[in-house]
Amino acid sequence: MDKIRLGLVGCGGMGTRHLYGLRELAQTPFNKVELCALCDIRRENAELAAVEAEKLLGIRPEVFTELEEMTRKIPSLTAVDVVTDPSVHHTVACQALDLGLHVMVEKPMAITVKACQMMIDAAARNNRQLSVAENYRRDPSARLVRHLLDTGAIGAPYMALFHSLSAGNSIFITPWRHLKDKGGPIVDLGVHFTDLIRYQLGDIAEVYGDVWLIEPVRAKPDSIGDTYTFYQNRFRGMAAEVPATAEDTSLAIFRMESGVTVNWMVSVGGSGSYGGQLILGNKGSINGFGTRGGRIGMKPADQAEMSQEEIVAAVDGFALEPLAEHLFPDCITDSDSKVDWKIIALEYHELAEAILTGRTLEVDGSEGLKDVAAVYAIFESARAGRAVKMREVETCQVYEYQSEIDHALGL
Ligand SMILES: NC(=O)c1ccc[n+]([C@@H]2O[C@H](COP(=O)([O-])OP(=O)(O)OC[C@H]3O[C@@H](n4cnc5c(N)ncnc54)[C@H](O)[C@@H]3O)[C@@H](O)[C@H]2O)c1
C-alpha cells in the first residue's frame, strides 16, 4: 500500500477546510492520502462536501450517513478523519477503531478526560493509530520558538504570559460552541493554547484558576468573514439569539513541571479585549508562543528586538520537516492565506506516514488528553476552590465539573 484510503466523518465548517488541506497535499510530491468517502449524519452536508471535493480533488467521494455502512462498502478503507462537534468525538472514534480503522480526530480530542481515555483504550485494544489534529504547534513560528528555547537563546525561562481576551456577545462560529456539553468556547479555543504552552514549556504540574459565564445570551453577528459555501449557508439559517450554558471567561496560573509559571487569561465574551504572549528568560524574552499564521519576535538581553526574518537568518540548526519546508520555504506564515490548509496537509501526511512507515505521531491520544485536561483543570480548580494537580485531573480524581457533562451525555 503506498497511500492510505481515507473517509472524512463530519462535513461541516472544519470538514470543508480539511478538503482544502487534502488539495494542498495532493499538489505536493509527498501525497500518501486518497479520499474515498464522506460521512455526515446530515446528508446535505456530506453532499455539499462531495461537490467541494470534486472541485478541489477531481474525484467525487461516495457519500454516507453511517460510519458502519461506509466501512462495509468502501474497499480497504484504512482510516477516518473525525471532524464532528466534540460531544461525539469519542463515539465516532471508538466505533471506527473497533471497526479496525486508524483515526485522526480534530481538537479538542474529546469532550471530557474520561471520553479521551475511552479513545486511548480503544486504540490500544485494536492496535491502531490515534492522532489529534492540533494545528497551532505545526506553524513554523511555533517550531522556531521551540528551537530558541531548546538552544538557550533566552537563557532559562522563568515566567510566561498567555492573554487572549475578546469582548462581545456574538455567537462564536457556531451555536454549539456555547453549550457546556458540546465543549464551550474556552475548551474549544483553549486546547490550542494549552497544547502550545505544553509544546514550548513542557508538562504542567498544577493549576489554580477561575471561570465565569459573562454572556448568557449570544446574538447572531451581522456577517461572518468565511466565504466557504458551508459557512455562508449555515449563517443564513442561524437563530438571532442562542442561550449559552458554557463559561466564556477564564483566568489561571499554570505551574509547570520545570518551575516556570504561566499567567493565563482567555475569554470569548465580556467587556474587555486584550492580547499578548510573552516568554521571559534570564537572558531575554520571546514575543509569542508561535501560532497558526502568526509571527514571533525575540529580544535578547541588551540587544534590539529581532523580527522573525532576522531570527531565522541568525539561528543555527533550525530546520522544518521536509513537507513543511516544501510548504513554508521562508519559515514565515504571516499573510499566507493558505496557511490553514497547509497545516492540515501536514497533519494528514503525518497520519499516513504513521500508518505506512511507523512514524511516531506528535500529538497522540495521551498528548491530546493532556491538552484537554489542562483546560478542564481551570474549571475543576474553580469548582474545588483550590489549586489542582494535573495528576488529579488527568486520572479523573478531581472531576466534579466534567462529571456533569458525562452525566448529560450518558458516558
Ligand atoms: N483546528 C482548528 O483550527 C479548528 C477550527 C474549527 C473547528 N475545529 C474543530 O473541528 C470540529 C468540527 O467543528 P466545525 O466548526 O466544523 O463544526 P460544524 O458544526 O461546522 O460541523 C460538524 C459536522 O459534524 C456533523 N456530525 C455531527 N455528529 C456526527 C456524527 N455522529 N457522525 C457524522 N457527522 C456528524 C454535523 O452534521 C456537521 O456537519 C470540532 O472539534 C472543532 O473544535 C478545529
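Side notes on the structure shown:
- Check on residue 410, surrounded by 22 or more Cβ atoms within 10 Å (Cβ to Cβ) and either in contact with a strand residue (DSSP E or B) (Cβ under 7 Å, 6 or more places away or on another chain) or free of Cβ contacts under 8 Å to residues at least 60 places away in the same chain (or both): no
- Residue ID - farthest from the chain's Cα centre (by Cα), chosen from residues in the stretch 91-105 that are open to solvent by less than 10 Å² (accessible area, probe 1.4 Å) and within 12 Å of the ligand (Cβ to nearest atom): 96
- Residue within the stretch 188-210 that is touching a residue at least 12 places away in the same chain (Cβ under 8 Å), crowded, with 19+ Cβ neighbours inside 10 Å and farther than 28 Å from residue 280 by Cα present: no
- The condition of being touching a residue at least 12 places away in the same chain (Cβ under 8 Å), open to solvent by less than 80 Å² (accessible area, probe 1.4 Å) and over 27 Å from residue 203 (Cα atoms) holds for only one of 259, 270, that being 270.
Per-residue answers, yes or no, for (1) among the basic types (Lys, Arg); (2) open to solvent by 30 Å² or more (accessible area, probe 1.4 Å); (3) more than 30 Å from residue 395 (Cβ to Cβ):
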{"site": "276", "(1), (2), (3)": "no, yes, yes"}
{"site": "303", "(1), (2), (3)": "no, yes, yes"}
{"site": "320", "(1), (2), (3)": "no, no, yes"}
{"site": "368", "(1), (2), (3)": "no, no, no"}
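- Yes/no for residue 382 being more than 16 Å from the ligand (Cβ to nearest atom), more than 23 Å from the chain's Cα centre (by Cα) and surrounded by 20 or more Cβ atoms within 10 Å (Cβ to Cβ): yes
- When the stretch 65-103 is filtered for residues that are under 30 Å from residue 246 (Cβ atoms) and assigned to a loop (DSSP other than H, G, I, E, B), the ones remaining, listed by number, are 65, 66, 83, 84, 85.
- None of 83, 88, 113 is open to solvent by less than 40 Å² (accessible area, probe 1.4 Å), over 14 Å from the mean Cα position of the chain (by Cα) and more than 23 Å from residue 1 (Cα to Cα) except 113.
- If only residues of the stretch 302-315 that are free of Cβ contacts under 8 Å to residues at least 60 places away in the same chain and assigned to a loop (DSSP other than H, G, I, E, B) are counted, the one that is nearest to the chain's Cα centre (by Cα) is 307.
- Those residues of the stretch 9-20 which are open to solvent by less than 10 Å² (accessible area, probe 1.4 Å) and either within 16 Å of residue 58 (Cβ to Cβ) or among the polar types (S, T, N, Q) (or both), in sequence order: 16, 19
- Pairs, first in contact (Cβ under 8 Å) with a residue 40 or more places away in the chain and farther than 11 Å from residue 9 by Cα in the stretch 69-82, second hydrophobic (A, V, I, L, M, F, W, C) and open to solvent by 10 Å² or more (accessible area, probe 1.4 Å), C-beta under 7 Å, six or more apart: 71/77; 71/99; 74/36; 77/36; 78/355
- In this entry, residue 225 is excluded by the filter for residues that are in a helix (DSSP H, G or I) and either more than 12 Å from the ligand (Cβ to nearest atom) or at pLDDT 95 or above (or both).
- Put simply, of 141, 87, 76, 131 the only residue that is among the polar types (S, T, N, Q), away from the ligand (no atom under 11 Å from the Cβ) and out of contact with any strand residue (DSSP E or B) (no Cβ under 9 Å at 6 or more places or on another chain) is 141.
- Any chance residue 118 is open to solvent by less than 50 Å² (accessible area, probe 1.4 Å) and either touching a residue at least 40 places away in the same chain (Cβ under 8 Å) or of a type in the set (Ser, Thr, Tyr) (or both): no
The values are calculated or read from the model by the stated rules, or taken from the named source; none is laboratory data. Keep in mind that this is a model prediction, so the values were computed, not measured. All Cβ positions, glycine included, derive from the backbone under ideal geometry; neighbour counts span all protein chains shown. Please note that ligands, DNA and RNA were not included when accessible areas were found on the heavy atoms of the full protein model with its side chains. Shrake-Rupley method; radii C 1.70, N 1.55, O 1.52, S 1.80 Å.
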